[in-house]
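The values are calculated or read from the model by the stated rules, or taken from the named source; none is laboratory data. Here the structure is a predicted model, which means the values were calculated and not measured. Glycine also receives a Cβ, built like all others from the backbone with ideal geometry; neighbour counts cover every protein chain displayed.
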Amino acid sequence: MFKARNIIDTSGQNMVRIQKRERILSIAIHSILSKVNDKNDPKSVRMKIMACNRDYLNWKIAMIESAQWLTREDAKRDSFTMWMSWKDSNKLRIYHKWLYHNHKFTLKNVLKYMYSPFFPAVFYMERGGIDDDYDCAYLRLWYQKPEQVKLLATWFKDVLDLETTVINGQYDIPCLVFCGEMKEKFLSIIEPIVSQVPSKYVNFRRVSHG
């Protein structure tokens, strides 16, 4: 169903279009996309990202702005987190349509645009962890529909050749789990990207390398 793509820069630019799209979508999945109440631009959509770790927020900002597609708004800060937002009437409107079907979140329309370890690395930094007692790494899935979980498991098999299982974790939130050899393979695939964020990598190194 899903197939990894060899990314070739035929345009002479530093980053090809599908890389830019994958970066923004991978972060947008874990962010807030909402319609903007703006009488001058009623079709506009705003994306807001947040992080408790300043270096992680700065890394996400750099990844988004490397595409040079979105218009930055002001940063906002509360006592524990910092927010950044962008507004755009084209790209983000399309991404909002892909990610929300009948006002419900879905990955169905965006997984076909994911081709590299960047997507699972962001997923892990946002919603992942390691359980040493069971020798497993996991990703928490905040949507409950079985077909969504199955699609994500299929993506990992087709694109990264990773076998996964699904378990219900705390509060019956489903988790996609990588155990044994699959755990080691999964962590080695995402490590080059996670290592770009020191605050995330410190914990990653501790739990994955002992």
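Data for the structure
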| item | result |
| --- | --- |
| Per-region count, region 30-40, residues more than 15 Å from Ile61 (Cα to Cα), surrounded by 12 or more Cβ atoms within 10 Å (Cβ to Cβ) and not β-branched (Val, Ile, Thr) | 4 |
| Test: residue in region 124-138 that is without any contact (Cβ under 8 Å) to a residue 24 or more places away in the chain and in a helix (DSSP H, G or I) | no |
| Any hit, region 110-127, residues being touching a strand residue (DSSP E or B) at 6+ places or on another chain (Cβ under 9 Å), of a type outside the set (Lys, Arg) and either at pLDDT below 90 or surrounded by fewer than 16 Cβ atoms within 10 Å (Cβ to Cβ) (or both) | no |
| Pair list, Cβ under 9 Å, 6 or more apart: region 189-202 residue touching a residue at least 60 places away in the same chain (Cβ under 8 Å), other residue among the acidic types (Asp, Glu) | Val197/Asp55; Pro198/Asp55; Ser199/Asp55; Lys200/Asp55 |
| Enumeration of residues in region 146-174 that are without any contact (Cβ under 8 Å) to a residue 24 or more places away in the chain, within 13 Å of Leu107 (Cβ to Cβ) and surrounded by 14 or more Cβ atoms within 10 Å (Cβ to Cβ) | Ala153 |
| Residue selected from region 175-191 under the condition β-branched (Val, Ile, Thr) and in a helix (DSSP H, G or I), by the criterion surrounded by the fewest Cβ atoms within 10 Å (Cβ to Cβ) | Ile189 |
| Near pairs, Cβ below 6 angstrom, 6+ apart or cross-chain, from region 51-67 (more than 14 Å from Ser31 (Cα to Cα)) to any residue that is of a type in the set (Gly, Ala, Ser) | Asn53/Ser199; Asp55/Ser199 |
| Qualifying residue in region 42-60 (condition: aliphatic (A, V, I, L, M), assigned to a loop (DSSP other than H, G, I, E, B) and surrounded by 17 or more Cβ atoms within 10 Å (Cβ to Cβ)) | no |
| Filter result (at pLDDT below 90 and either of a type in the set (Phe, Trp, Tyr) or assigned to a loop (DSSP other than H, G, I, E, B) (or both)) within region 71-98 | Glu73, Asp74, Ala75, Asp78, Ser79, Phe80, Thr81, Trp83, Ser89, Asn90 |
| Sole residue being buried (at least 17 other Cβ atoms within 10 Å of the Cβ), touching a strand residue (DSSP E or B) at 6+ places or on another chain (Cβ under 9 Å), touching a residue at least 12 places away in the same chain (Cβ under 8 Å) and farther than 24 Å from Ile18 by Cα, chosen from Leu92, Leu70, Leu141 | Leu141 |
| Check on Asp172, under 24 Å from Tyr201 (Cα atoms), at pLDDT below 90 and not basic (Lys, Arg) | no |
| Subset of region 16-33 that is polar (S, T, N, Q) and within 20 Å of Arg127 (Cβ to Cβ) - its residue that is modelled with the highest pLDDT | Ser26 |
